[in-house]
Amino acid sequence: MAKNEKIIQTGCINRIGANIRKYRKARGLKEVDVIRELQLRGVPTNSYNMTRIEQGNVNPSVDFLIAYVDIVGIDFNALFCFDCPGN
């Protein structure tokens, strides 16, 4: 993997994490509320992992993303929209 390819991947992770945090806060949800709902849907997570995901330090799993968009009520593609108005 080229050095600039890793930078691009890291940048995308940071943006996805920022979008995850943005939509959670826009819906007035606390981190603990989302964690509880994720766990009820069978997605194992905790406060430490949620914070790392929102900060862009780790990749969220596909299961996490699918459950998350259902919890906050957004379109899946919104998480990957980096040049959209408001992002």
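The values are calculated or read from the model by the stated rules, or taken from the named source; none is laboratory data. As the structure is a prediction and not an experimental result, all values here were calculated from the model. For neighbour counting, all protein chains shown are included, and Cβ atoms are generated from backbone atoms with ideal geometry for every residue, glycine included.
Would you pick out the residues in the stretch 42-74 that are over 15 Å from Leu29 (Cα atoms) and not in a helix (DSSP H, G or I)?
Taking the stretch 42-74 first, the residues over 15 Å from Leu29 (Cα atoms) are 42-46, 48-49, 52-53, 55-66.
Passing the criteria: Gly42, Val43, Pro44, Thr45, Asn46, Gln55, Gly56, Asn57, Val58, Asn59, Pro60, Ser61.
Which of (1) over 14 Å from the mean Cα position of the chain (by Cα); (2) modelled with pLDDT under 90; (3) within 19 Å of Ile74 (Cα to Cα) does Arg41 not meet, given it meets every other one?
That leaves (2) as the condition not met.
Does any residue of the stretch 11-27 turn out to be assigned to a loop (DSSP other than H, G, I, E, B), modelled with pLDDT of 95 or more and out of contact with any Ser or Thr (no Cβ under 6 Å at 6 or more places or on another chain)? Steps first, answer last, please.
First, pick out the residues of the stretch 11-27 that are assigned to a loop (DSSP other than H, G, I, E, B): 27.
This time we only want the ones that are modelled with pLDDT of 95 or more, so: 27.
So of that shortlist, the ones also out of contact with any Ser or Thr (no Cβ under 6 Å at 6 or more places or on another chain) come out as 27.
Scanning the stretch 11-27 turns up at least one residue that is assigned to a loop (DSSP other than H, G, I, E, B), modelled with pLDDT of 95 or more and out of contact with any Ser or Thr (no Cβ under 6 Å at 6 or more places or on another chain).
Could you grab the pairs with beta carbons closer than 9 Å, sequence gap of 6+ or different chains, first residue in the stretch 1-27 and farther than 19 Å from Phe64 by Cα and exposed (fewer than 14 other Cβ atoms within 10 Å of the Cβ), second one of a type outside the set (Lys, Arg) and at pLDDT 50 or above?
Correct list of pairs: Gly11/Gly56; Gly11/Phe82.
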